[in-house]
Amino acid sequence: MAHYEDNKWPSWLQYLDTIDSTNNYAMQRVEDGMAHAGEVIWAARQFAGRGQRNNHWLDSPDNLKMSLIITPQIPADRQFELSALVALTLAQYLQQLKEDWQVAIKWPNDIYINDKKACGVLIDNLFRGMAWNYSIIGIGLNVNQDLIPESLNRATSLFLESGCRYDLFELVNDLRSGLLNRLRAYQLRDVEQLMSNYNHLLYGRNKEVCFRKRDNQQLFEAFVQEVDASGNIVLLTYKGIERYTFGTLEWVFQ
């Protein structure tokens, strides 16, 4: 298998030394009519990488920044199923890399290893009228980074958790293949099993967690129950069962 230093790329891969954001680049290709499903944009460095809610992602050439372009075969009103499929595929892949890792999905689609964030996902969608034409699946995975800033004390890398170095092109190839295979095999009737598998790996499930409401900064504690197929997190509070949409809550780590 070719290593990323060899510059012998498969036809589906576009490698860039530096870019503002792999998702931005991929979206521009889609809008220009130049993209095709299955194409991957991979950058050594990105200077304006975005996370959920426009959070910026720490850049390092030792980490993996990639965007996979797909044409979703899921109705536009069921977008969270794509997010769940992506998160589940990533979590199961990382669990296979090292069986003694404790891998979990932090709602909606961050991947934690041993209680620390190792991977983030940002999905951008393009619609034409009511049709869901393209999705850009952006993945930021901390791979060979051996030093994490103190300000990011809840972050980690594959190297820090294993002591092993990983070939970045191998990871790109594996993740692309795994995601495309999972998406091709998915049937809409499988949503119940999908959510069961997703919730089996849900970070904080059945544990009491502190949250902050973004609208009024109110703190409250609740037991994490599950995430439903619409992407709402289901919590057990002193008032009973409550559901919250993504973006309305912030996790507060003690």
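The values are calculated or read from the model by the stated rules, or taken from the named source; none is laboratory data. None of the values given here were measured: they were computed from a predicted structure. Every residue, glycine among them, receives a Cβ derived from its backbone with ideal geometry; neighbour counts consider all protein chains shown.
Being surrounded by 18 or more Cβ atoms within 10 Å (Cβ to Cβ), touching a Cys at 6+ places or on another chain (Cβ under 6 Å) and either assigned by TED's automatic domain parsing to the domain that holds residue 92 or in contact (Cβ under 8 Å) with a residue 60 or more places away in the chain (or both) narrows it down to one of 141, 171, so name that one.
Details: 171 fails: touching a Cys at 6+ places or on another chain (Cβ under 6 Å).
None of the others qualify; the one that does is 141.
Look through 153, 125 and report the one residue that is in contact with a strand residue (DSSP E or B) (Cβ under 9 Å, 6 or more places away or on another chain), over 30 Å from residue 12 (Cβ atoms) and in the same structural domain as residue 30 (by TED's automatic domain parsing). Quick ask: steps written out before the conclusion?
Numbers: 125 fails: over 30 Å from residue 12 (Cβ atoms).
From the options 153, 125, the qualifying one is 153.
All but one of (1) in contact (Cβ under 8 Å) with a residue 40 or more places away in the chain; (2) closer than 24 Å to residue 38 by Cβ hold for residue 187; state the number of the condition that does not hold.
(1)
Being within 23 Å of residue 244 (Cα to Cα) and surrounded by fewer than 17 Cβ atoms within 10 Å (Cβ to Cβ) narrows it down to one residue among 196, 151; which is it? Steps first, please.
On the way: 151 fails: within 23 Å of residue 244 (Cα to Cα).
So the residue among 196, 151 that is within 23 Å of residue 244 (Cα to Cα) and surrounded by fewer than 17 Cβ atoms within 10 Å (Cβ to Cβ) is 196.
Consider region 190-211. How many of its residues are aliphatic (A, V, I, L, M) and touching a Phe, Trp or Tyr at 6+ places or on another chain (Cβ under 8 Å)?
The qualifying residues number 3.
Taking the residues in region 79-110 that are in a loop (DSSP other than H, G, I, E, B) and touching a helix residue (DSSP H, G or I) at 6+ places or on another chain (Cβ under 7 Å) as candidates, determine which candidate is nearest to residue 33 (Cα to Cα).
Keep residues of region 79-110 that are in a loop (DSSP other than H, G, I, E, B), which gives 98-102, 107-109.
Those left that are additionally touching a helix residue (DSSP H, G or I) at 6+ places or on another chain (Cβ under 7 Å): 98, 101, 108-109.
On the way: 98: 40, 101: 41, 108: 30, 109: 29 Å.
Residue satisfying both the conditions and the ranking: 109.
Residue by residue through region 239-254, note down the ones that are in contact (Cβ under 8 Å) with a residue 12 or more places away in the chain and either in a loop (DSSP other than H, G, I, E, B) or out of contact with any strand residue (DSSP E or B) (no Cβ under 9 Å at 6 or more places or on another chain) (or both). Steps first, answer last, please.
Of all residues in region 239-254, those in contact (Cβ under 8 Å) with a residue 12 or more places away in the chain come to 241-254.
Matches in region 239-254: 245, 246, 247, 248, 253, 254.
Being loosely packed, with under 14 Cβ neighbours inside 10 Å and aromatic (Phe, Trp, Tyr) is the filter here, so list the residues in region 223-254 that pass it.
Across region 223-254, the qualifying residues are 238, 253.
Working only within region 81-106, note down all residues that are within 12 Å of the chain's Cα centre (by Cα) and more than 22 Å from residue 173 (Cβ to Cβ).
Residues satisfying the conditions are 83, 84, 104, 105, 106.
State whether one or more residues within region 24-33 are in a loop (DSSP other than H, G, I, E, B) and of a type in the set (Ser, Thr, Tyr).
Restricting attention to region 24-33, the residues satisfying the condition of being in a loop (DSSP other than H, G, I, E, B) are 32-33.
Next, from what is left, pick out any that are of a type in the set (Ser, Thr, Tyr): none.
Checked region 24-33: no residue is in a loop (DSSP other than H, G, I, E, B) and of a type in the set (Ser, Thr, Tyr).
Which of the following residues is in contact with a helix residue (DSSP H, G or I) (Cβ under 9 Å, 6 or more places away or on another chain) and at pLDDT 95 or above: 168, 147, 160? Please lay out each step first, then the result.
Details: 147 fails: at pLDDT 95 or above; 160 fails: in contact with a helix residue (DSSP H, G or I) (Cβ under 9 Å, 6 or more places away or on another chain).
Of 168, 147, 160, the one residue that is in contact with a helix residue (DSSP H, G or I) (Cβ under 9 Å, 6 or more places away or on another chain) and at pLDDT 95 or above is 168.
Please determine, by comparing only the residues of region 1-47 that are over 19 Å from residue 174 (Cα atoms) and among the basic types (Lys, Arg), which one is modelled with the highest pLDDT.
Checking each candidate, the answer is 29.
Considering region 125-138 alone, what residues qualify as being touching a residue at least 12 places away in the same chain (Cβ under 8 Å) and small (Gly, Ala, Ser)? Before you say what the answer is, go through the steps one by one.
Of all residues in region 125-138, those touching a residue at least 12 places away in the same chain (Cβ under 8 Å) come to 125-127, 130-138.
131, 135, 138 - these are the residues of region 125-138 that are touching a residue at least 12 places away in the same chain (Cβ under 8 Å) and small (Gly, Ala, Ser).
Inspect region 208-222 for any residue being crowded, with 19+ Cβ neighbours inside 10 Å, within 19 Å of residue 105 (Cβ to Cβ) and free of Cβ contacts under 8 Å to residues at least 40 places away in the same chain and give the result as yes or no.
Yes; the residues of region 208-222 include at least one that is crowded, with 19+ Cβ neighbours inside 10 Å, within 19 Å of residue 105 (Cβ to Cβ) and free of Cβ contacts under 8 Å to residues at least 40 places away in the same chain.
Does residue 159 satisfy being farther than 21 Å from residue 83 by Cβ and aromatic (Phe, Trp, Tyr)? Break it down into steps so the answer makes sense when it comes.
Working: farther than 21 Å from residue 83 by Cβ: yes; aromatic (Phe, Trp, Tyr): yes.
Spelling it out, residue 159 is indeed farther than 21 Å from residue 83 by Cβ and aromatic (Phe, Trp, Tyr).
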